[in-house]
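See below for the structure under consideration.
Just so it is clear, none of the values below were taken in a lab; they were calculated from the coordinates. Since the structure is predicted, the reported quantities are computational estimates derived from the model, not experimental observations. Ideal geometry is used to build each Cβ from the backbone, glycine not excepted, and the neighbour counts take in all protein chains shown.
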Amino acid sequence: MIKYSTNHRSTLLGLAMTIALAVQPALGADANDTPPTDKASNALYWQGQSALKQSDWSTALQRFVELEKLLRKNEPKSVDAALYWEAYTLVQAKRTAEAKNAIERLRREFPDSRWSREADALVAQMQPAPKLAPGVVDDDLTDVALQALLSAPPERALPLLKKVLASDRSIKTKKRALFVLSQLETDDAMNVVLDTAKNSREPELRRESIRMLGISGRKSAIEALSGLYASSNTAEEKRGVIEAWLIADREDLVLKSARDESDPAVRRKAIETLGAMGASDELRQLFDTTKDADNRRAIIHSLGVAGNTTALTSIAGNTSLPQNERVEALRSLGIAGDHGGDKALLDLYATADTPALRDAVLQGLLISGDADAVSKLYQNARSTEEKKALLRILTTMDDDKAIEILEQELGQPEKKQ
């Protein structure tokens, strides 16, 4: 924790008091983000989001560019989402000119996009800070003052933070105040966060409060989250609690929701979250005890996100299971490609005894982007129809590889009749 001198601390506390009492119009809430439904696109989306969380701008941009290409083929109406996330990533990477180009493409191709408002916010973020009128407090200055409260005595900081939450300041500023509250490590501070989660009239602020309870990791905060989950009547709030458990790394509570939740949408969220947490063993246990077909397929997909190739290979090769579950397992091996899924798919292709299973192997390889593996399968293909299917997949994945094969085929001399 940063330490300040007495005079410096007094100055910052005074600045914080000024900000707490200032009035500024609230900003609108951000639009809800919905991941793509296509399996391959969904995998790229989450890989990009994961890279963003790690500030790996290069990997994130690569994933969102790949997502744009795939959406243009499969879900062209959803390309605007990929363009927005490309622009967002470029802004974070300080590549302003490229970010402006991405936003211009978004506006030109999708004038009525639901991402227009967020794109406008990115443009505003790139603009030079305007000169402020007397009495108006800059949000950046606000952040400095709120950050200073992290080093202030909790009994001094708490009243100021409560005033910020009760004021008409922006959602961004109030979120920052909630973060500081979550770091004060006192019961009184966490009670304010919990009260905001229960009673705030601003839905976005309630969601942020739930998230901050998860970030704090305190035992009392986790207990409060469990109480909120149990008493909640809305799926949206329950999903927010599950995300907070993800932040707090509470696999046990997420697993309980995946087992016991009656709302199918919320239970699906819990299953997906287990995948994001890498809870391979828990997902496999859940698969073995779950009878609902939709939930079983969701678990299989999450096993792919978690990278559990052993479980997926077992499911895909189990002839006693329904074919649709085996197909889902093969596709999900593509999501788990970096964990050995590609090799498993190659091995399983030889034993795939139905067109649906063979197609699922190819879809898995398409998701993983392993053009070399598809090329190898092509070289060993036994029929013209099989070669056609493999070449179609390869063309989608890697034009250069496809051209190499075409050159080989076209370069062969014609067989004498």
Projected label distance in nm at Ala166 and Ser58, using a 7 Å step from Cα toward the beta-carbon: 5.1 nm
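Can you sort Trp115, Trp245, Trp57 by how many other beta carbons sit within 10 Å, fewest first?
Details: Trp115 22, Trp245 27, Trp57 17.
The most exposed by this proxy come first: Trp57, Trp115, Trp245.
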Cα gyration tensor category, rounded, prolate or oblate, for segment 151-249 with a/c compared to 1.5: oblate
For Ala381, net neighbour charge (Lys/Arg +1, Asp/Glu -1) across residues whose Cβ lies under 13 Å away: +3
Cα centroid of segment 278-350 to Cα centroid of segment 69-116, whole Å: 33 Å
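Just flag the trypsin sites (Lys or Arg not before Pro) in segment 215-317 sitting in loop per DSSP whose Cβ has no more than 11 other Cβ atoms within 10 Å.
Details: sites: Arg218, Lys219, Lys238, Arg239, Arg250, Lys256, Arg259, Arg267, Arg268, Lys269, Arg284, Lys291, Arg296, Arg297; in loops: Arg218, Arg250, Lys291.
In loop regions of segment 215-317 (DSSP not H, G, I, E or B), the sparsely surrounded trypsin sites (Lys or Arg not before Pro) are Lys291.
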16 Å Cα-Cα reach of Lys269 towards aspartates and glutamates, excluding residues that sit fewer than 8 places from it in its own chain: Asp33, Glu236, Glu237, Glu243, Asp249, Glu251, Asp252, Asp260, Glu261, Glu282, Asp292, Asp294
Simple label model, 7 Å out from Cα along Cβ direction - Arg95 to Gln379, nm: 3.4 nm
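Sort Asp353, Asp263 so the one with the fewest other Cβ atoms within 10 Å of its own Cβ comes first.
On the way: Asp353 9, Asp263 14.
The order, fewest Cβ neighbours first, is Asp353, Asp263.
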Ascending count of other beta-carbon atoms within 10 Å, so fewest first, for Thr142, Thr395: Thr395, Thr142
Listed peptides 65-72, 380-387 by packing density, highest first (mean Cβ within 10 Å): 65-72, 380-387
Cross-link pairs beyond the 27 Å C-alpha cut-off, checked among Lys162/Lys219; Lys69/Lys175; Lys198/Lys256; Lys256/Lys343: Lys69/Lys175; Lys256/Lys343
Cα-only Debye scattering, segment 307-401: base-10 log of I(q)/I(0) at q = 0.13, 0.17 Å⁻¹: -0.37, -0.64
FRET efficiency for Thr319 and Lys387, using Cβ-Cβ distance with R0 set to 35 Å, rounded to 0.05: 0.85
